Amino acid sequence: MGAMASQSSDGSWRLCLDTGISTDCYWIVLLTALRRRDDAFIRPLAARIASLQQPNGAWKLYPDEEGSLEATAEACYALLCAGFYLETDVAIERAKQYIRSKGGLSQAKSLLTQVIFSATGQVEWPKQLRLPLELFFSQAGLDLFSLSGHARVHLIPTLIMSNLQFSARNEWMPDMGDLFVHGERTFANDHTWISALNAFLSAIPFDSLPVIGSPNALEQARQFMLERLEPNGTLLTYSTSSILMAFALMALQEPVASPLMDRLLHGVLSLQCWNRAGIQTASSEIWDTAMISYALREAGLPTSETSTSLENAALYLASRQQSRVGDWIRRSPHTEPGGWGFSDVNTFYPDVDDSVAALRTIRPYLSRLPDGRASWQRGLNFVLAMRNDDGGWPAFERRGSSITDLFFTFDGKSDIASDPSTVDLSCRVLEFLGKELEMTIGHSWVDDSVKWVLSRQERDGSWYGRWGIAYVHGTGMALQGLLAVGLAKDHPAVTKGVRWLFDIQNSDGGWGESCVSDERKRYVPLNASTPSQTAWALNGLIAAHDKPTSEMERGVEALLRVLRAGDWTSVYPTGAMLPGSMYAHYPSNNVSWPLLALSAYVNKFGE
């Protein structure tokens, strides 16, 4: 079988997560700033970036988008920094024309886009990013840990640079001033009361105030980053945060060839794709291994080869269970480590989704794992401890809402800064508890969780899913989770959810939803069917029915057809990362979710 053939010798699946060109662009700009360009490495990155330019001069975040101002600006800048393109090249001229047609670079609203251009002296540091570090490193200031973990490790290096008004501009870099069509090198969304407030705060000499003052705030910020380096050298496993940390270290006068800088750069390089040019934002070994092996198990392939493959996957996952305490301990102080992270190298930033996926996969093999049952119980305890007071589960840490994001005006700031309960993750936990542990309605906290999920249903019957695109994802997961813990199939919420899925079914029998939904927070059809979204819908519908309907039969036919086609719909990014800024294509999505849907259909209906 193809999936088994791609399994690594250690039992893992190591596929390449595709989040577009942004990380490649940031990497090229960083190496240029460090004067450490390696043409042999940069050339294929630049070639891949250039190959994705559209006829209108733009680069896209997803296929059905006209173009992205931010992605186009990043690509244009990176290609010029790479040294293989000139200002007069047709590709560059077309890119600049597109940027100007959208109002110029000043209209960029993405945090990372603004930071990269600010850190390299192309634009003034936005006032909204001039929050004094002292506000985050004093007892009388803002609670840094009310922000999500991924927001923290991107914000702190950014604030180091902005507090120092740092610029890494050098003679290897082009001047992008002609992209500010009104002349002023500022960002349009930086002219708000929030920016004015942050500029005012930046002028206060906090380091001399006895209550808030922290004269070593920069050193505390530096230490914050160092304490969160993973063994492979990355900052909390992300290439993007690691790149920002490298810029921040430059701002703090770290030698560009120091052991620390080398460690950081090697960490980013460890995230190279093995099968194409490109740097991953993060690697997805734990998720891919858990999902593919679980799908193979559910498919019931009764061969000795499959059995060995699944046991090896379980052994691999067991070896990656975390024993280090992370920042999550601040809001779960009595919880032992025991979760799993997204990446192979993740040692102290576990998440609920990967933990549930790993627990489900290793359970049949506990007797063959070292300390198997005790380890499994620690993992289960960790997942249960992460439950929020509202009854739902977050991605990474409990009580992940914050007022700190009020200080910023970036696109998708709430999705980036906070880590609240989400329907999709909560219902994957409920499905796990219902199917694996036979926990059902009647347990008080299961009742509370079900009540919370029901409260999040939209008027049209759908649910929004934060980590997949978007309402198809949320609705499919909600139906599976609610029904797994015993909600009646004729419950009004189930009936409405099923009807909504039937109503948006494509004429070819499948389901497909645009990434635009994630930005607008309302369902927008893709007008084509994708494998993962068709599988999500089918999984929800299969759970809700005792016998197949004509719509489900058409859905199965469509799923098989789109899998055979292997066209652009198979690489459409159905993973949500940063709404409006970054979307992900998981290669494993075309294996695990369709296989789970087809297996569930056959196992339940015998067809």
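The values are calculated or read from the model by the stated rules, or taken from the named source; none is laboratory data. In this text the structure is predicted, and so the values were computed from the model without any measurement. A quick note on method: Cβ atoms are made from the backbone with ideal geometry, for glycine too, and the neighbour counts reach across all protein chains shown.
Within region 251-260, which residues are under 18 Å from Glu227 (Cα atoms) and either small (Gly, Ala, Ser) or touching a residue at least 40 places away in the same chain (Cβ under 8 Å) (or both)?
Leu252, Ser258
Of Thr240, Thr289, Thr281, Thr306, which residue is of a type outside the set (Asp, Glu), buried (at least 17 other Cβ atoms within 10 Å of the Cβ) and not in a helix (DSSP H, G or I)?
None of the others qualify; the one that does is Thr281.
For Ala71, only one of the following conditions fails: (1) touching a strand residue (DSSP E or B) at 6+ places or on another chain (Cβ under 6 Å); (2) of a type in the set (A, V, I, L, M, F, W, C); (3) closer than 21 Å to Arg36 by Cβ. What is its number?
Going through (1) touching a strand residue (DSSP E or B) at 6+ places or on another chain (Cβ under 6 Å); (2) of a type in the set (A, V, I, L, M, F, W, C); (3) closer than 21 Å to Arg36 by Cβ one by one, Ala71 breaks only (3).
Among the candidates Glu93, Glu66, single out the residue that is over 26 Å from Glu171 (Cα atoms), free of Cβ contacts under 8 Å to residues at least 40 places away in the same chain and more than 21 Å from the chain's Cα centre (by Cα).
Only one candidate passes the filter, namely Glu66.
Filter region 49-90 down to residues that are assigned to a helix (DSSP H, G or I) and exposed (fewer than 15 other Cβ atoms within 10 Å of the Cβ), then give me how many there are.
Counting residues in region 49-90 that are assigned to a helix (DSSP H, G or I) and exposed (fewer than 15 other Cβ atoms within 10 Å of the Cβ) gives 2.
Return yes when Ala248 is in a helix (DSSP H, G or I) and in the same structural domain as Leu366 (by TED's automatic domain parsing) and no when it is not.
no
Out of curiosity, is Val153 buried (at least 24 other Cβ atoms within 10 Å of the Cβ) and more than 25 Å from Ile42 (Cα to Cα)?
So Val153 fits the description; yes.
Select from region 246-260 the residues that are within 15 Å of Gln165 (Cα to Cα) and surrounded by 15 or more Cβ atoms within 10 Å (Cβ to Cβ) and list them in ascending order.
Of everything in region 246-260, those that are within 15 Å of Gln165 (Cα to Cα) and surrounded by 15 or more Cβ atoms within 10 Å (Cβ to Cβ) turn out to be Phe247, Ala248, Leu249, Met250, Ala251, Leu252.
Every residue in region 502-551 that is β-branched (Val, Ile, Thr) and either more than 22 Å from Ser570 (Cβ to Cβ) or in contact with a Pro (Cβ under 9 Å, 6 or more places away or on another chain) (or both), please.
Ile504, Thr534, Ile542, Thr549
Output yes when any residue across region 110-132 is surrounded by fewer than 22 Cβ atoms within 10 Å (Cβ to Cβ), touching a Lys or Arg at 6+ places or on another chain (Cβ under 9 Å), at pLDDT below 95 and part of a loop (DSSP other than H, G, I, E, B), and no when none is.
Yes, region 110-132 has at least one match.
Could you look through region 2-13, keep only residues that are on the phi < 0 side of the Ramachandran plot and part of a loop (DSSP other than H, G, I, E, B), and pick out the one that is surrounded by the fewest Cβ atoms within 10 Å (Cβ to Cβ)?
Ser9
Can you tell me which residues in region 289-319 are touching a strand residue (DSSP E or B) at 6+ places or on another chain (Cβ under 6 Å) and not hydroxyl-bearing (Ser, Thr, Tyr)?
Selection gives Ile292 alone.
Exactly one condition in (1) crowded, with 17+ Cβ neighbours inside 10 Å; (2) β-branched (Val, Ile, Thr); (3) under 29 Å from Arg398 (Cβ atoms) is not met by Val325; state its number.
Only one criterion in (1) crowded, with 17+ Cβ neighbours inside 10 Å; (2) β-branched (Val, Ile, Thr); (3) under 29 Å from Arg398 (Cβ atoms) is unmet by Val325, namely (1).
For Ser402, all conditions in the list (1) surrounded by 20 or more Cβ atoms within 10 Å (Cβ to Cβ); (2) of a type in the set (Gly, Ala, Ser); (3) modelled with pLDDT under 95; (4) not in a loop (DSSP other than H, G, I, E, B) hold save one; what is the number of the exception?
Going through (1) surrounded by 20 or more Cβ atoms within 10 Å (Cβ to Cβ); (2) of a type in the set (Gly, Ala, Ser); (3) modelled with pLDDT under 95; (4) not in a loop (DSSP other than H, G, I, E, B) one by one, Ser402 breaks only (4).
Determine which member of the set Asp344, Asp411, Asp353 is part of a loop (DSSP other than H, G, I, E, B), modelled with pLDDT of 95 or more and not assigned by TED's automatic domain parsing to the domain that holds Gly233.
Asp344 is the lone residue from the list that is part of a loop (DSSP other than H, G, I, E, B), modelled with pLDDT of 95 or more and not assigned by TED's automatic domain parsing to the domain that holds Gly233.
The rows are residues; the columns are (1) surrounded by 16 or more Cβ atoms within 10 Å (Cβ to Cβ); (2) modelled with pLDDT of 95 or more; (3) touching a Cys at 6+ places or on another chain (Cβ under 8 Å).
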{"site": "Tyr464", "(1), (2), (3)": "yes, yes, no"}
{"site": "Leu482", "(1), (2), (3)": "yes, yes, yes"}
{"site": "Leu501", "(1), (2), (3)": "yes, yes, no"}
{"site": "Ser507", "(1), (2), (3)": "no, yes, no"}
{"site": "Glu551", "(1), (2), (3)": "yes, yes, no"}
{"site": "Arg554", "(1), (2), (3)": "yes, yes, no"}
{"site": "Gly575", "(1), (2), (3)": "yes, yes, no"}
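Can you find a residue in region 220-228 that is modelled with pLDDT of 95 or more, basic (Lys, Arg) and in contact with a Gly (Cβ under 7 Å, 6 or more places away or on another chain)?
no
Within region 22-61, which residues are touching a Gly at 6+ places or on another chain (Cβ under 8 Å) and closer than 21 Å to Gly104 by Cβ?
Result: Gln54, Asn56, Gly57, Ala58, Trp59, Lys60, Leu61.
What's the number of the only condition in (1) closer than 23 Å to His266 by Cβ; (2) touching a Lys or Arg at 6+ places or on another chain (Cβ under 7 Å); (3) not aliphatic (A, V, I, L, M) that Asp39 fails to meet?
Against the list (1) closer than 23 Å to His266 by Cβ; (2) touching a Lys or Arg at 6+ places or on another chain (Cβ under 7 Å); (3) not aliphatic (A, V, I, L, M), Asp39 comes up short only on (2).
Every residue, every condition in (1) farther than 29 Å from Asp262 by Cβ; (2) modelled with pLDDT under 95; (3) outside the structural domain of Ala290 (by TED's automatic domain parsing), yes or no:
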site: Ala40; (1), (2), (3): no, yes, yes
site: Arg43; (1), (2), (3): no, no, yes
site: Ile49; (1), (2), (3): no, no, yes
site: Leu52; (1), (2), (3): yes, no, yes
site: Pro55; (1), (2), (3): yes, no, yes
site: Tyr77; (1), (2), (3): no, no, yes
site: Ile92; (1), (2), (3): yes, no, yes
site: Gly104; (1), (2), (3): yes, no, yes
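Taking the condition of being surrounded by 22 or more Cβ atoms within 10 Å (Cβ to Cβ) and touching a helix residue (DSSP H, G or I) at 6+ places or on another chain (Cβ under 8 Å), how many residues in region 564-573 meet it?
Qualifying residue count, region 564-573: 1.
Mind checking whether some residue in region 14-25 is in a loop (DSSP other than H, G, I, E, B), in contact (Cβ under 8 Å) with a residue 60 or more places away in the chain, touching a helix residue (DSSP H, G or I) at 6+ places or on another chain (Cβ under 8 Å) and under 30 Å from Thr308 (Cβ atoms)?
Yes.
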